[in-house]
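As structure tokens, the structure follows; a few thoughts come after it.
All of the numbers you see were taken from the coordinates with simple rules; none came from a lab. Quick caveat, the model's predicted, so the values are computed rather than measured. We place every Cβ from the backbone using ideal geometry, glycine too, and count neighbours over all the protein chains shown.
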Amino acid sequence: MPDELTHRALATSAFNESWSLLERSRTGNEDLELLEVALASRHHWRREGGAQQVAIADWMVSRCFAELGEPRLAVRFALAALEAQPPDAPAWLRASLLEGLARAHASAGNAAARDDALGRAHAALEDEEDREDRAVIADQLATVPAVLD
């Protein structure tokens, strides 16, 4: 069994690879790799991370499923991310997890749920005092797709 440091290193590496794959055009095989590395990161964070890392891992898995047009799983993991967040989650994390839920609902074509989650995310972000953290999450919120009628 990998030790604590190995789990952390593998979780971080897989998470970073997920971002790399999300941010570029992918082939069909790379779409599968995207899910593979996002789920690998989740696996390792569940072994060694705290509630915050697990919530972020579920957020990433949700984002990957939304990107790949799998809305049922995107919503499921977005809700899991919200459930996993620690009770003392910082405002940026609460806002980010709600952004994931909004994105998941957008992928499902549910405009009302998307708009509700997005509104809650903006409200949570108002509590973030760190300007850089607030800017990063505001940029994420700006990329949540609209639901076309």
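Using a cut-off of under 18 Å, list every residue of region 105-120 whose amide N is near the label point 7 Å from the Cα of ARG72 along the Cα-to-beta-carbon line. The answer is 105-110. Within the shell of other residues whose beta carbon sits under 12 angstrom from the beta carbon of ASP31, the net charge comes to -3, with Lys and Arg scored +1 and Asp and Glu -1.
What's the exposure ranking of VAL61, VAL136, VAL37, going from fewest to most Cβ atoms within 10 Å? Ascending number of Cβ neighbours within 10 Å: VAL136, VAL37, VAL61.
Hey, fewest Cβ within 10 Å first, where do ASP58, ASP115, ASP130, ASP88 land in order?
Numbers: ASP58 26, ASP115 16, ASP130 11, ASP88 8.
By the 10 Å Cβ count, ascending, the order reads ASP88, ASP130, ASP115, ASP58.
Given R0 = 25 Å, the distance between the Cβ atoms of ASP31 and LEU79 translates into a calculated FRET efficiency of 0.65.
Residues GLU36, GLU132 in ascending order of nearby Cβ atoms (within 10 Å, fewest first): GLU132, GLU36.
In sequence order, region 75-85 has phi-based couplings of 5, 4, 6, 5, 5, 4, 4, 5, 5, 7, 4 Hz under the Karplus curve 6.51 cos²θ - 1.76 cosθ + 1.60, θ = phi - 60°, and Gly or Pro positions carry x. Where q = 0.12 Å⁻¹, what log10 of I(q)/I(0) comes from the Debye formula for region 4-142, counting one point per Cα? Values returned for q = 0.12 Å⁻¹ are -0.44.
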